[in-house]
Amino acid sequence: MHSQEDRALRQLWGLDVPMGRGPKARWSPAQLASAAVELADEVGLDGVSLGKVADRLGMTTTGVYRYVDSKAELVELMVDAAIGDPPTLSGAGWQQQCRSWASELADRYAEHPWLCEVAPKRMPTQPRAYAWIDAFVGAVAEQADVDALRLALLLDSLVRTYASLEVGLRGATPAPWLSEAVAARFPRLASAADQDVSDARLELDFAVEAVLRGMEPTDLKRTGTARTR
């Protein structure tokens, strides 16, 4: 027996055929996920419900339960569909391929901003999430001193962080008095108070460059810690 959540994940991995009584299912889990992704792109993740997805597909809410048992299960399917297959990485050198990987992943978040609302609570569970990590590991495979898995998880977290920042900055208007207040209370931050960091994509590029420049491959490979000087 598998848990309800396990059922949805096993479907993603192609390990179980959706179980259900009655006539053959009209829709596939992939079509269900695609409809839910389209809805989330329009109204946000909070606006997605099993009933609304059912309406979009012209089915009853009860029919949705042939594929998933809850919205949480549906979100698992949605994330896999939205993140999609990883790109073929190109570029001269492994660092450039790392930059390309982060940029392509950021594009997926920009296309589906609601992905930022799916807070990670564990290691990835979707097959396409692992496909992205595998693509990264493959790009760095020849660098024996680089811990590709840890680096992939680090860059993934950076992409998520700056994608969330970009969503938060959309339409946000800072208080007109804030820069002056920061400069007055924290003189050392006077210049920072006026610094424009509103372009989250540029800030992501800066963060990725900082990581790649600051790596000490030999130390990161086995311990994941920086060398003590």
- of a type in the set (Asp, Glu) and surrounded by fewer than 19 Cβ atoms within 10 Å (Cβ to Cβ) - does that describe any residue in the range 175-195? yes
- Is it the case that the range 179-189 has a residue that's assigned to a loop (DSSP other than H, G, I, E, B) and modelled with pLDDT of 80 or more? yes
- Message: Where the second residue is among the hydroxyl-bearing types (Ser, Thr, Tyr) and open to solvent by less than 60 Å² (accessible area, probe 1.4 Å) and the first is under 13 Å from SER103 (Cβ atoms) and lies in the range 150-169, which pairs have Cβ atoms under 8 Å and are six or more apart or on separate chains?
- Response: VAL159/TYR109; ALA163/TYR109
- Note on the structure: Flagged in the range 196-210 as among the small types (Gly, Ala, Ser) and open to solvent by less than 70 Å² (accessible area, probe 1.4 Å), in numbering order, are ALA200, ALA207, ALA210
- Message: Return the residues of the range 156-173 that are open to solvent by less than 100 Å² (accessible area, probe 1.4 Å) and either assigned to a loop (DSSP other than H, G, I, E, B) or not small (Gly, Ala, Ser) (or both); say none if nothing qualifies.
- Response: ASP156, LEU158, VAL159, ARG160, THR161, TYR162, LEU165, GLU166, VAL167, LEU169, GLY171, ALA172
- Note on the structure: If we keep only residues of the range 138-155 that are closer than 26 Å to ALA119 by Cα and open to solvent by less than 80 Å² (accessible area, probe 1.4 Å), then the residue farthest from the chain's Cα centre (by Cα) is ASP147
- Query: Which of (1) modelled with pLDDT under 90; (2) closer than 15 Å to ALA131 by Cα; (3) open to solvent by 40 Å² or more (accessible area, probe 1.4 Å) is the odd one out, the single condition ARG66 does not satisfy?
  - Reply: (2)
- Task: Within the range 125-137, identify whether any single residue is among the basic types (Lys, Arg), buried (at least 16 other Cβ atoms within 10 Å of the Cβ) and either assigned to a loop (DSSP other than H, G, I, E, B) or modelled with pLDDT of 90 or more (or both), and answer yes or no.
- Result: yes
- Within the range 31-62, tally of residues that are in contact with a His (Cβ under 8 Å, 6 or more places away or on another chain), open to solvent by 40 Å² or more (accessible area, probe 1.4 Å) and hydrophobic (A, V, I, L, M, F, W, C): 0
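The values are calculated or read from the model by the stated rules, or taken from the named source; none is laboratory data. A quick note: this is a predicted structure, and the numbers were derived from the prediction, not measured. Don't worry about glycine lacking a Cβ; one is built from the backbone with ideal geometry, like all the others, and counts go over all protein chains shown. To get the accessible areas, we keep the full protein, side chains included, count just its heavy atoms, and leave off ligands, DNA and RNA. Shrake-Rupley method; radii C 1.70, N 1.55, O 1.52, S 1.80 Å.
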